[in-house]
Structure formats: structure tokens, C-alpha cells
Amino acid sequence: MKLFHAFITILLCIAALTAQSRTLDEIKKDGKIIIATEGAYPPFNYFQGSKLTGFEVELGDAVAKKMGLAVEWKSLTFDALLAGLRQDRWDVVMASFGITEERSKAVGFTSPHYCSGGVIVSKDPAIRTAESLRDKVVAVQTGSTYFESVKKLPGVKEVKNFPQDIDARSALINGRVDAWVSDLFAVKIALETNPGAGLKMGRFLFVERIAAAIKKGNPTLTAAYDKALAELMTDGTYKNLSEKYFKGDIRCL
Ligand code: ARG
């Protein structure tokens, strides 16, 4: 009996390890692709009332439409997204993930859908550069490239983690931290929507290419996604969307 149990356990482990993400054909048969995002990262993915929207959500809808698919959106906490992808709980993640070496070990990335970077924000005009973060308390979103980057800076007093980027932003607005590091475009929105808060944008800490993530070993899905995105980039759809949200074209050059 014990042997039998061990045998079943081994079988289950093998099944889990070899679990396959849905192929393009399987998704096509189903008619809808499942895309997971966070929904708390304006202007890229956020809720307007009960409606999930934003640049990435509209772009994801357009990519799926080009692929002849409907989308089922799911929204989860940022740090649960890539893990769920690896467990085949969704087909794609679109949540402003920068392509990093570390992440590329765990998941595959599509072609980038925009280029941006992490910038320093503070109320103190003297805090603008990496060097000026010395002895300071800096707020960042948990699991983000901002966290990774600030962690490596010498002399920073404390890196405060927040599950949502908007909470890291609030911590700065409320004066609980000295600085906040986030995406250039997320910061621009924050400055616009909080004109009285006295936030000032400093320098870039790094630049990054942002892409959708697809489970490793799913070449047909990745190729179809990339083809659809490339078409949107030439037929004017991408440009219109980018103009709508950013008053400019934010594609990678
Ligand atoms: N670009 C940053 C990164 O790659 C932050 C992404 C945050 N995305 C979000 N949906 N909150 O880590």
C-alpha cells in the first residue's frame, strides 16, 4: 500500500512538472484567451469603477482581436502573476513586466509593447539622483524591478515594500518615506492627479523594455501574439492607443 502511494505521488509530480500551457490551437478552439493583469497600475492596467481598463488592457484586447479571440481578463496581485502563469492558470500576463534576466529564467517574453524606466520621485528637490538616496527611506512595489534596482544602491537607509505601487505613491504623498521609485508614465500620472502634493520627478535609475509574459515552451502562442502586436504597430492601432494614454508614442525604438 505504501509503495502504491509512493507510486501515485511520483505520477502526480510528473504530471505537474510536464503540465502544458494551452497551445494556440487549444485556445482557438476555446475561442478565448485568458490574460492576467494587476488592475492597480494606472495608466497601464486599472479599474475605472468596476471596469478593468488602461493602455495594456486595451492593447491586450486589440492583440486578441487580431488573433481572432475574445479575452477573459483576470486581475490579481502583482507578485502572483508570473507564478500563476507557470501553473497554467492563464495564458498570458500583461502587467508592465520588464524583461529581466532573472524573470527570463522562469517565463518567456513576447516582443516589447513599450519602453520606459524607473524614475526617482520625491517632495524634496534635493532628492533627484541615485546618490541622493543615500540615508533615505525609499518606497517601491513588492516584486518590481524598482525594488531590485533600489536594493542594489549603496547607502540607502531602507527600502519599503508595498504590494501595490499606488500604496508606495501614497506613502510618499503622506510623507512616510523620502522617495518613491516607479515607472516614468505612472509617475507622470501621479504628478498630474496630485498637483498639490509637491511631488517632483528626479532622474532615471534604469531603463527597461516591457513585454507580455507567456509560459516557456509555447512557441505557437508567442509567435501569434508577436505577429498580432506587430500588425497593430503598423496599422495605426498602437499609435492611437499610445496617443490616447500618453499623448505620444511609447513603443521601443
Ligand atoms: N515595470 C516594473 C517591473 O517590471 C513594474 C511593473 C508593475 N506592474 C504592475 N502591474 N504593478 O517590475
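The values are calculated or read from the model by the stated rules, or taken from the named source; none is laboratory data. Remember, it's a predicted structure, so these values are computed and weren't measured experimentally. Please note: Cβ atoms are built from the backbone with ideal geometry, for glycine as well, and neighbour counts cover all protein chains shown. For accessibility, only protein heavy atoms count, side chains too; no ligands or nucleic acids. Shrake-Rupley method; radii C 1.70, N 1.55, O 1.52, S 1.80 Å.
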Quote the FRET efficiency, to the nearest 0.05, computed for ALA230 versus LYS152 with a Förster distance R0 of 35 Å and r equal to the Cβ-Cβ distance. 0.55
With a 1.4 Å probe and all protein chains left in place, how much of the accessible area of the stretch 142-231 comes from carbon and sulfur atoms, in whole percent? 56
To the nearest 10 degrees, how steep is helix 237-246 against the longest Cα principal axis of the chain, on a 0 to 90 scale? 30
Give me the dipole magnitude in Debye, nearest 20, for the stretch 162-253 about the Cα centre, with unit charges on the beta carbon: positive for Lys and Arg, negative for Asp and Glu. 100
Along the dipole axis of the chain (charges at Cβ: +1 for Lys and Arg, -1 for Asp and Glu; origin at the Cα centre), the most positive-end residue among ALA36, THR129, ASN194 is THR129
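Compute the Cα gyration tensor for the chain, then decide on rounded, prolate or oblate, letting a ≥ b ≥ c be the square roots of its eigenvalues: rounded whenever a/c is under 1.5, prolate when a/b is larger than b/c in the other cases, and oblate in all that remain. Numbers along the way, then the final one.
Details: a/c = 2.29, a/b = 1.41, b/c = 1.62.
Cα axes put the chain in the oblate bin.
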What are the lysines whose alpha-carbon lies under 28 Å from the alpha-carbon of LYS28, with same-chain residues fewer than 8 places away excluded? LYS51, LYS65, LYS66, LYS74, LYS105, LYS215, LYS216, LYS227, LYS239
Helix-only CD estimate at 222 nm, as mean residue ellipticity for the chain, using -39500 (n - 2.57) per DSSP H run (n ≥ 4): -11500 deg cm²/dmol
Taking a probe of 1.4 angstrom, what is the accessible area of ILE173 in Å², to the nearest 10? 40
In the full protein assembly as shown, how much of VAL181 is accessible to a 1.4 Å probe, in Å² to the nearest 10? 0
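Run the numbers on the chain and let me know its relative contact order in percent, using alpha-carbon pairs under 8 Å that are six or more apart.
Numbers: 456 pairs, mean separation 64.9, N = 253.
Once normalised by length, the contact order is 26 percent.
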DSSP-defined antiparallel bridges as percent of all bridges, the chain, nearest 5: 65
Net charge near VAL119 (other residues with Cβ under 14 Å of its Cβ; Lys, Arg +1; Asp, Glu -1) is +2
Pull up the cross-link candidates among the lysines for LYS136, meaning alpha carbon to alpha carbon under 29 Å and not fewer than 8 places away within one chain. LYS123, LYS151, LYS152, LYS157, LYS160, LYS188, LYS200
What number comes out for accessible area per residue over the chain if the probe is 1.4 Å? Units Å², please. 50
What size of dipole, in debye to the nearest 20, comes out for the chain about its Cα centre when the only charges are +1 on Lys and Arg C-beta atoms and -1 on Asp and Glu C-beta atoms? 260
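Please say if the stretch 14-155 is rounded, prolate or oblate, where rounded means a/c under 1.5 for a ≥ b ≥ c the square roots of the C-alpha gyration tensor eigenvalues, and otherwise the choice is prolate for a/b larger than b/c and oblate otherwise?
Values: a/c = 2.70, a/b = 1.77, b/c = 1.53.
Prolate shape, in that a/c is at least 1.5 and a/b is the bigger ratio.
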Note to self: C-alpha centroids of the stretch 75-108 and the stretch 115-149 sit apart, in Å, by 23
Computed from the beta carbon distance with a Förster radius of 25 Å, FRET efficiency for LYS244 and ALA70 to the nearest 0.05 stands at 0.70
Any chance you could give the angle, 0 to 90 degrees and rounded to 10, that helix 219-234 forms with the longest Cα principal axis of the chain? 50
Just to be sure I understand the model, the point goes 7 Å from the Cα along the line to the Cβ. What's the resulting ALA197 to GLU58 distance in nm? 2.3
Tell me the angle of helix 2-17 to the major Cα principal axis of the chain, expressed in degrees between 0 and 90 and rounded to the nearest ten. 60
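Counting only C-alpha contacts under 8 Å and six or more residues apart, can you give the relative contact order of the stretch 148-253 as a whole percent? Can you show the working numbers first?
Values: 34 pairs, mean separation 15.6, N = 106.
Value for the stretch 148-253: 15 percent.
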At 1.4 Å probe size, put ASP165, ASP25, ASP226 in order of accessible surface, largest to smallest. ASP25, ASP226, ASP165
